[in-house]
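Let me begin by presenting the structure, written as structure tokens, before commenting on it.
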Amino acid sequence: MRQDIAQSSGDFGSILPKQGQRWQTSSQQLGELAGVSDRTLRDIESGAGRPALRSVLSVLTVLGLQVAVTP
């Protein structure tokens with residue numbers, strides 16, 4: 001299984017659209033399922049703003065993704 005590794009918020013944001021396409025989920029549907037606003041989802045995808053960690057984790061959960069913290 002291929003793993004995408006994000007080392008910055010911009011890298012992280014580029015992974016989300018790919019996963020949404022994989023699950024055939026539109027941005028609007030993803031935001032609704034994750035309980036985040038369109039603005040928050042755009043901020044996460046673009047690496048802009050400062051979305052709350054819980055918002056990011058909600059989006060990841062909907063997409064079946066995980067965060068791993070490594071040294």
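The values are calculated or read from the model by the stated rules, or taken from the named source; none is laboratory data. These numbers come from a predicted model, not from an experiment. Cβ atoms come from the backbone with ideal geometry, glycine included; neighbour counts cover every protein chain shown.
Mind listing whichever residues of region 22-41 are modelled with pLDDT under 85 and assigned to a helix (DSSP H, G or I)?
Across region 22-41, the qualifying residues are 22, 27, 28.
Anything in region 45-69 that is within 15 Å of residue 29 (Cβ to Cβ) and not polar (S, T, N, Q)? List them, or say none.
Matches in region 45-69: 45, 59, 62, 63, 64.
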